[in-house]
Amino acid sequence: MIPLYQKLPFNNNNYVNFYKEDLPHFIVPMHYHPEIEIMYILEGKGTRFVGDHIDEYEEGDICMLGPKITHEWRNDEVYFRKNAGLRSSCLCLFFTSDIFEKNFISLPEMESIRLLLERSRRGIKFMGNTRAQIGKLMEEMAAQNGISKITNFIRLLDLMAVSEEYELLTSVGYTESVNSSDFERFDKIYQYIMKNFSEQIKLEEVAALVGLTPNAFCRYFKGRTKKTFVQYLNDIRIGHAKKLLIKGRMKISTLSMDCGFNNLSNFIEQFKRSTNMSPSEYQKRFGVKNQKAI
C-alpha cells in the first residue's frame with residue numbers, strides 16, 4: 001500500500017489555513033503532506049490510521065500530526081451504504097513550521113511549543129478537558145481573520161504544549177528522528193540503536209558508548225524514556241516491522257529477521273504483546289494483501 005502525496009489547495013501567502021469537510025463519508029485515502037495538521041472530528045466515527053497506529057475515533061476526536069506522517073480517517077462500513085443518512089465532518093487546521101522565524105522559536109518562552117512541534121512528529125491525540133478547549137478555540141479561529149487568528153493560533157499551540165492530557169500515537173521506531181528534547185548523550189545512543197537494531201545489540205556495548213556502567217546506563221535510560229533498554233529496542237524493532245508489514249513486500253519470517261528478532265515465534269510474541277494482534281492480522285487491518293505470507 002503506497003500512501004498518496006496530497007498537495008493542499010491553499011493560498012501560499014497564508015501560513016495558517018482552515019479546511020472544513022462535510023460528506024456522507026471521508027474520501028481521502030491513506031496520504032501525507034509536508035504541513036502540520038490539527039484534525040478535529042465534528043461528526044462521524046470509524047478507524048484512525050496514523051503511521052503504524054490504529055485506533056477507533058468518534059465525534060470530538062482531536063489529533064495533531066507532524067509533517068509527512070501517513071494518515072487516514074476511515075469511516076465505519078455503515079457510512080458507505082446507500083441512503084445511510086449519515087454525515088462525516090471535520091475541521092482541520094494546517095500550518096508549517098516556517099511560520100516561526102528561527103530566532104523567535106528559539107526564545108526560552110517558546111520552549112514548550114518547540115517541544116510540542118517535535119512531539120507532533122509521532123502524532124498526538126488529545127483527551128479530557130484539553131480536547132474540549134482545543135475544539136472550542138478552533139471553531140472560534142475558523143471564523144477569524146487578521147491578527148486575531150494569529151494570536152489565537154499561538155494560544156492554541158500553548159494550550160496543547162502545556163497539557164498533560166495527550167497520547168503519542170506512532171511507535172518510537174516508526175519515525176526517523178528522535179522526537180523529544182534530546183541532548184547529545186541520548187542522541188548518540190539513539191543513533192547507535194537505529195543503525196544497529198537489525199543486529200543483536202549488547203547492553204554493555206551501548207553503555208560503554210556513553211561512558212556508563214551497565215547499571216548506571218539502565219537507570220539513566222529508564223529515567224529518560226520511562227522504558228527499559230530492551231523494551232525500547234523492541235519498540236523500535238516492532239515499529240520498523242509495522243512499516244514493512246504495511247508495504248506487504250516480504251515474507252513475515254524474513255521480515256522478522258530483518259528487524260532484529262532471532263526467530264519467528266519470538267517476533268510474533270513481541271508483536272502481539274505490542275499490538276494485541278498477529279502480524280497478519282495487522283496487515284489485514286490496513287487492507288494489505290501479502291501474497292508472500294509467512
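Every number in this text was worked out from the coordinates using simple rules, so none of it is lab data. The model shown is predicted, which means the values in this text are computed figures rather than measured ones. Cβ atoms come from the backbone with ideal geometry, glycine included; neighbour counts cover every protein chain shown.
Suppose R0 equals 35 Å. What FRET efficiency, 1/(1 + (r/R0)^6) with r the Cβ-Cβ distance, do Asn266 and Asp158 give to the nearest 0.05?
Efficiency for this residue pair is about 0.20.
Using the count of nearby Cβ atoms within 10 Å as a rough guide to exposure, how do Met160, Met194 rank from fewest to most?
Met194, Met160
Pairs to check: Lys68/Lys251; Lys125/Lys243; Lys20/Lys247; Lys82/Lys242. Give those whose C-alpha atoms are more than 24 Å from each other in this structure.
On the way: Lys68/Lys251 27 Å; Lys125/Lys243 21 Å; Lys20/Lys247 31 Å; Lys82/Lys242 34 Å.
Checking Cα-Cα distances, Lys68/Lys251; Lys20/Lys247; Lys82/Lys242 exceed 24 Å.
Could you state the angle between the C-alpha long axis of helix 146-162 and the longest principal axis of the C-alpha atoms of the chain, as a value from 0 to 90 degrees rounded to the nearest 10?
30
So what's the angle, to the nearest 10 degrees on a 0 to 90 scale, between helix 214-225 and the longest Cα principal axis of the chain?
In the chain, helix 214-225 runs at an angle near 10 degrees to the longest axis.
Taking the simple approach of a point 7 Å from Cα along Cα-to-Cβ for both Glu111 and Met127, what is their distance in nm?
Those two pseudo-labels are separated by 2.7 nm.
Which lysines does Lys202 reach when only Cα atoms under 22 Å apart count, and residues fewer than 8 places away in its own chain are ignored?
Output for Lys202: Lys188, Lys222, Lys226, Lys227.
Would you mind working out the magnitude of the charge dipole of the chain relative to its Cα centre, with +1 at each Lys and Arg C-beta and -1 at each Asp and Glu C-beta, to the nearest 20 Debye?
980
Cα axis of helix 184-196 to longest principal axis of the chain: angle in degrees, 0 to 90, nearest 10?
Helix 184-196 sits roughly 70 degrees off the main axis of the chain.
Most mobile of Ile41, Ile99, Ile134 per a Gaussian network model of the chain (Cα springs, under 10 Å)?
Comparing Ile41, Ile99, Ile134 in a Gaussian network model of the chain, the most mobile one is Ile99.
Evaluate the charge dipole of region 71-195 about its Cα centre and quote only its size in Debye, nearest 20, assuming +1 on the Cβ of each Lys and Arg and -1 on the Cβ of each Asp and Glu.
Dipole size: approximately 420 debye.
Which shape class, rounded, prolate or oblate, goes with the chain when its Cα gyration tensor gives a ≥ b ≥ c as root eigenvalues, a/c under 1.5 marks rounded, and past that a/b bigger than b/c marks prolate?
oblate
Positive end of the charge dipole of the chain (Lys, Arg +1 and Asp, Glu -1 on Cβ, about the Cα centre): tell me which of His71, Ile246, Tyr19 has its Cα farthest that way.
Ile246
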